[in-house]
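The values are calculated or read from the model by the stated rules, or taken from the named source; none is laboratory data. Owing to the predicted nature of the structure, the values given are computational and were not obtained by experimental measurement. When we count neighbours, we look across all protein chains shown, and the Cβ atoms used for this are built from the backbone with ideal geometry, even at glycine.
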């Protein structure tokens with residue numbers, strides 16, 4: 001399982017300026033996802049976080065010098081569910097913490113088919129429930145590449161909702 005690294009210079013970030021604009025593949029039907037802080041059934045949760053999860057990637061929010069958020073995302077195959085995990089960095093203690101935030105039944109999608117729709121559902125839930133804005137950087141790619149992360153952000157936070165550029 002990949003351990004996330006925190007890029008400490010722009011050269012360490014994946015290229016995200018000029019990328020092909022892609023659309024996300026269609027959502028499997030049915031796709032009965034559940035997202036939220038307590039949405040994952042207790043029976044689907046390993047006791048100490050996932051052991052063999054696939055790395056989806058890492059994004060970062062930087063609202064100010066002392067106000068940031070850094071999350072790595074993983075998808076884990078459980079007995080009955082694909083489980084979406086946030087591996088969140090706690091800069092107060094310099095530790096990473098596992099948080100299960102979503103799931104979908106295994107029979108409804110493959111790992112790749114479940115990854116983007118679960119991320120989209122989770123970000124939409126956090127946008128609506130926690131007033132979360134779009135991430136500022138894609139720190140690392142994984143199962144989801146830069147173009148897919150950008151497509152997810154466009155779907156959750158459409159450009160129409162972004163402030164208009166200011167003229168000087």
Given (1) under 15 Å from the mean Cα position of the chain (by Cα); (2) within 22 Å of residue 139 (Cα to Cα), residue 37 misses just (2)
Would you mind telling me which numbered condition in (1) assigned to a loop (DSSP other than H, G, I, E, B); (2) over 27 Å from residue 43 (Cα atoms); (3) in contact (Cβ under 8 Å) with a residue 40 or more places away in the chain residue 134 fails?
(3)
Hits in the stretch 81-131 (condition: without any contact (Cβ under 8 Å) to a residue 24 or more places away in the chain and closer than 18 Å to residue 150 by Cβ):
126
Answer yes if at least one residue in the stretch 141-150 is closer than 29 Å to residue 66 by Cβ, in contact with a helix residue (DSSP H, G or I) (Cβ under 8 Å, 6 or more places away or on another chain), in a strand (DSSP E or B) and at pLDDT 90 or above, and no otherwise.
yes
Kindly check whether there is at least one residue in the stretch 14-33 that is crowded, with 18+ Cβ neighbours inside 10 Å, touching a strand residue (DSSP E or B) at 6+ places or on another chain (Cβ under 6 Å) and modelled with pLDDT of 85 or more.
yes
Taking the stretch 107-140 only, how many residues are touching a strand residue (DSSP E or B) at 6+ places or on another chain (Cβ under 6 Å) and at pLDDT below 95?
6
Kindly provide the set of residues from the stretch 54-74 that are under 15 Å from the mean Cα position of the chain (by Cα) and closer than 21 Å to residue 132 by Cα, ordered by number.
56, 57, 58, 59, 60, 61, 69, 70, 71, 72, 73, 74
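For (1) under 23 Å from residue 155 (Cα atoms); (2) crowded, with 16+ Cβ neighbours inside 10 Å, each residue gets a yes or a no:
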residue	(1), (2)
70	yes, yes
91	no, no
94	no, no
103	yes, yes
111	yes, no
122	yes, yes
State all residues of the stretch 50-68 that are surrounded by 17 or more Cβ atoms within 10 Å (Cβ to Cβ) and in a strand (DSSP E or B); if no residue qualifies, say none.
54, 55, 56, 57, 58, 59, 60
Scan the stretch 124-138 residue by residue and report those that are farther than 16 Å from residue 61 by Cα and loosely packed, with under 14 Cβ neighbours inside 10 Å.
128, 129
Residue 78: at positive phi and either in contact (Cβ under 8 Å) with a residue 12 or more places away in the chain or in contact with a helix residue (DSSP H, G or I) (Cβ under 8 Å, 6 or more places away or on another chain) (or both), yes or no?
no
Can you name the residue in the stretch 38-56 that is touching a residue at least 60 places away in the same chain (Cβ under 8 Å) and out of contact with any helix residue (DSSP H, G or I) (no Cβ under 9 Å at 6 or more places or on another chain) and is also nearest to residue 115 (Cα to Cα) among such residues?
55
Residue identified as out of contact with any helix residue (DSSP H, G or I) (no Cβ under 7 Å at 6 or more places or on another chain), surrounded by 13 or more Cβ atoms within 10 Å (Cβ to Cβ) and part of a strand (DSSP E or B) among 99, 83
99
